[in-house]
Amino acid sequence: MADGPRLNSCVPIPKDIEQLKDVIEKAKDWALMHGVGIRNKKEFNPDALQIVPFTFFPSAFPRKEFEKAVKIQPILNELIHRVAFCHSFLEENLKDTIQVDEFTGNLYKIYETVRQEGINPTNSLGVLRSDYLLDHPDCDKIKQVEINTISTSLSAMGFVVAQLQRFILQELGHYDKLKNLPENRALEGVCGGLIEAWKLFKNPKAVILMVIEDVVYNICDQRFHEFRISELSPKTRVIRRTLTDLAQRATLDADKNLIIDNEVVAVVYYRSAYEPLQFHSQKEWDARLLAERSSAIKCPSIHYHLAGTKKVQQALARPGAVEQFFSDPEKVTAVRDVFTGLYSLDFDELGEDAVKKAIEKPERYVLKPQREGGGNNIYGEKIRDVITKIKGSRERTGWILMDRIVPPVQENIIIRASQPAARTDTVSELGIFGIIIGDSNEIIYNKQVGHMLRSKESTADEVGVSAGFGAMDSPYLY
Ligand code: ADP
Ligand code: MG
């Protein structure tokens, strides 16, 4: 990969990074003192933080493509909203997957249950993030990796790391470069969406319930949201509970208000519930259903969650699918333009063709199960093994195949806790945040609110920061 296309770093990186030693030390302290932090996974200590991996310099990213990603976000928000409220589309495209993928099957059961009861007339809140890589061969076009609809994180981290890198460039005297660091209001924007939803609930005493994992490593990103909400709207309170807490103590009152520990919940904001291990038993699933039945505004509602599955992403890439949701051809073209090849592994002609292509040239694809959170996809030669194993069984319809996007490489320095700073080739992934609020009748709020960038060693497959692969970064536009 090191021989592939290259971008110039925003500043020349010295051969001997020893000369940056003082600024690296200072930057690490800046990071710790401003919350560029994470809890240690190996030696978990709730009273201690260590620096989150970050790149020392912002990474070069073409301005034109950055602006394109920003511009299409409201269209993507609208698309997800329309898909989520289109029962026939979800049913048709998930019907096989839910037979073989237990997790998606359980989500679908909740969806069916509330649908038959009559989906709560309350609004859905989407905090979405569309992720992109620049594509080979010219690296001048963004291609969408995926769009996240649940537990979308790192809006705070993205914001604060951009400030850190600004400080680093200043310390090194690169004042002329600062103008190319785009403003980022992602944290404020996401908090603004949560507050807006809270206001729509029209009960000033009700709370935003952040549903958290049993053990939270990515604590800074979450707390920044709580603190900023409190600054922007001092009367909006946020409480944190796990799915198991909900299973044990949450109830619905006669008006279907969700109550936990004597608090009425206005907004259920999931920073958990995106992977099977977070559901320890049927009780956690019952809790997810209870919340869905309630009058609270869900972020995401079960149908937004389903609209964010990889299977739906693949279905949307089929010819004619986006056209179903937009009559405006400009919107269709704008969305199609950022899609790359996505293929189902269904038992039909197209599916057989995909199986064949993946076995022949596995290096050209990524094989994905219906999972979120990083570390689940299959790359390279392993694709051949997995597909060979599953191609005769129904299980294969739970997977999708995607063209592998090959982004350009650039040099940077990755700073990790307890490790020497290292000069390395990196690749970057851009995420754009969008907020959408609405119900089956109308969209009442639809905005693009900011961005974040993550980078990784060019030899690594994935870029997830919480999952331990990537480093926080921010874009330097050229
Ligand atoms: P998850 O839900 O686990 O985040 P993603 O689809 O975002 O799943 O994939 C995880 C990571 O794998 C991405 O952040 C990206 O670094 C890498 N990846 C995913 N799809 C592709 C692709 N088509 N080409 C290249 N890299 C990919
Ligand atoms: Mg992802």
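The values are calculated or read from the model by the stated rules, or taken from the named source; none is laboratory data. Source: prediction; values computed, not measured. Because the Cβ atoms are built from the backbone with ideal geometry, glycine has one as well, and the counts that use them run over all protein chains shown. Protein only, heavy atoms only, side chains kept; ligands, DNA and RNA dropped before computing areas. Shrake-Rupley method; radii C 1.70, N 1.55, O 1.52, S 1.80 Å.
Here the condition is being under 23 Å from the mean Cα position of the chain (by Cα), of a type in the set (A, V, I, L, M), surrounded by 19 or more Cβ atoms within 10 Å (Cβ to Cβ) and not in a loop (DSSP other than H, G, I, E, B); of A291, A247, A273, it holds for A291 alone.
You will find that of A334, A358, the residue that is in the same structural domain as H87 (by TED's automatic domain parsing) and at pLDDT 95 or above is A334 and no other. Scan the stretch 421-428 and give yes if some residue there is farther than 24 Å from P362 by Cα and open to solvent by 40 Å² or more (accessible area, probe 1.4 Å), otherwise no. Looking for residues that are farther than 24 Å from P362 by Cα and open to solvent by 40 Å² or more (accessible area, probe 1.4 Å), one finds at least one in the stretch 421-428, hence yes.
What residue, among those in the stretch 347-368 that are outside any helix (DSSP H, G or I) and open to solvent by less than 20 Å² (accessible area, probe 1.4 Å), is farthest from ligand 1 (Cβ to nearest atom)? Across the stretch 347-368, the extreme among qualifying residues is L367. For E146, are the conditions met, namely being within 16 Å of ligand 1 (Cβ to nearest atom) and open to solvent by 10 Å² or more (accessible area, probe 1.4 Å)? In short, yes. Quick check on my filter: what residues within the stretch 124-143 are more than 13 Å from T340 (Cα to Cα), buried (at least 24 other Cβ atoms within 10 Å of the Cβ) and away from ligand 1 (no atom under 11 Å from the Cβ)? Matches in the stretch 124-143: S124, L125, G126, V127, L128.
State all residues of the stretch 384-412 that are within 15 Å of ligand 1 (Cβ to nearest atom), among the β-branched types (V, I, T), open to solvent by less than 40 Å² (accessible area, probe 1.4 Å) and under 22 Å from F339 (Cβ atoms); if no residue qualifies, say none. Once the filter is applied, which keeps residues that are within 15 Å of ligand 1 (Cβ to nearest atom), among the β-branched types (V, I, T), open to solvent by less than 40 Å² (accessible area, probe 1.4 Å) and under 22 Å from F339 (Cβ atoms), the stretch 384-412 yields I400, I405. Among the residues of the stretch 107-118, those that are open to solvent by less than 30 Å² (accessible area, probe 1.4 Å) and among the β-branched types (V, I, T) comprise I110, V114. Checked against (1) under 30 Å from S301 (Cβ atoms); (2) of a type in the set (S, T, Y); (3) within 16 Å of ligand 2 (Cβ to nearest atom), Y379 meets all criteria but (1). Does I24 satisfy being touching a Leu at 6+ places or on another chain (Cβ under 7 Å) and assigned by TED's automatic domain parsing to the domain that holds Y445? Considered against the rule, which asks whether it is touching a Leu at 6+ places or on another chain (Cβ under 7 Å) and assigned by TED's automatic domain parsing to the domain that holds Y445, I24 comes out as no. T104: open to solvent by less than 30 Å² (accessible area, probe 1.4 Å), at pLDDT 95 or above and in contact with an Asp or Glu (Cβ under 6 Å, 6 or more places away or on another chain), yes or no? Answer is no for this residue.
Okay, residues lined up against (1) in the same structural domain as A467 (by TED's automatic domain parsing); (2) in contact with a Phe, Trp or Tyr (Cβ under 8 Å, 6 or more places away or on another chain); (3) touching a residue at least 60 places away in the same chain (Cβ under 8 Å); (4) under 25 Å from G189 (Cβ atoms):
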position: H225; (1), (2), (3), (4): yes, no, yes, yes
position: I229; (1), (2), (3), (4): yes, no, no, yes
position: K235; (1), (2), (3), (4): yes, no, no, yes
position: Q248; (1), (2), (3), (4): yes, no, no, no
position: N262; (1), (2), (3), (4): yes, no, no, no
position: W285; (1), (2), (3), (4): yes, yes, yes, no
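Given the conditions (1) of a type outside the set (D, E, K, R); (2) assigned to a loop (DSSP other than H, G, I, E, B); (3) surrounded by fewer than 18 Cβ atoms within 10 Å (Cβ to Cβ), and given that L32 satisfies all but one, which numbered condition is not satisfied? Status for L32: all satisfied but (2). Screening E395 with (1) away from ligand 2 (no atom under 16 Å from the Cβ); (2) more than 20 Å from V312 (Cα to Cα); (3) touching a residue at least 40 places away in the same chain (Cβ under 8 Å) gives one miss only, at (2). Note on the stretch 455-478: residues that are charged (D, E, K, R), over 21 Å from E65 (Cα atoms) and touching a Phe, Trp or Tyr at 6+ places or on another chain (Cβ under 8 Å) total 2. The residues of the stretch 197-229 that are more than 24 Å from the chain's Cα centre (by Cα) and assigned to a helix (DSSP H, G or I), listed by number, are K199, L200.
Among the residues of the stretch 444-478, the one identified as more than 15 Å from ligand 1 (Cβ to nearest atom), surrounded by fewer than 17 Cβ atoms within 10 Å (Cβ to Cβ) and among the aliphatic types (A, V, I, L, M) is I444.
Residue pairs whose Cβ atoms lie under 8 Å apart, sitting 6 or more positions apart in sequence or on different chains, and linking a residue in the stretch 122-141 that is closer than 16 Å to G434 by Cβ and aromatic (F, W, Y) to a partner that is part of a strand (DSSP E or B) and within 16 Å of ligand 2 (Cβ to nearest atom), are Y132/I142; Y132/K143; Y132/Q144; Y132/V145; Y132/E429; Y132/L430; Y132/G431; Y132/I432. Of the residues making up the stretch 305-327, those that are open to solvent by 20 Å² or more (accessible area, probe 1.4 Å) and either more than 16 Å from T340 (Cα to Cα) or in contact with a Cys (Cβ under 9 Å, 6 or more places away or on another chain) (or both) are E323, Q324, F325, S327. Selection over the stretch 141-157 of residues that are away from ligand 2 (no atom under 14 Å from the Cβ) and either assigned to a loop (DSSP other than H, G, I, E, B) or not assigned by TED's automatic domain parsing to the domain that holds L107 (or both) gives a count of 1. Taken as a whole, the structure places V160 among residues that are touching a His at 6+ places or on another chain (Cβ under 6 Å), away from ligand 2 (no atom under 16 Å from the Cβ) and either touching a residue at least 60 places away in the same chain (Cβ under 8 Å) or part of a helix (DSSP H, G or I) (or both).
Considering the conditions (1) of a type outside the set (K, R); (2) more than 16 Å from ligand 2 (Cβ to nearest atom); (3) over 24 Å from A471 (Cα atoms), I400 is excluded by exactly one of them, (2).
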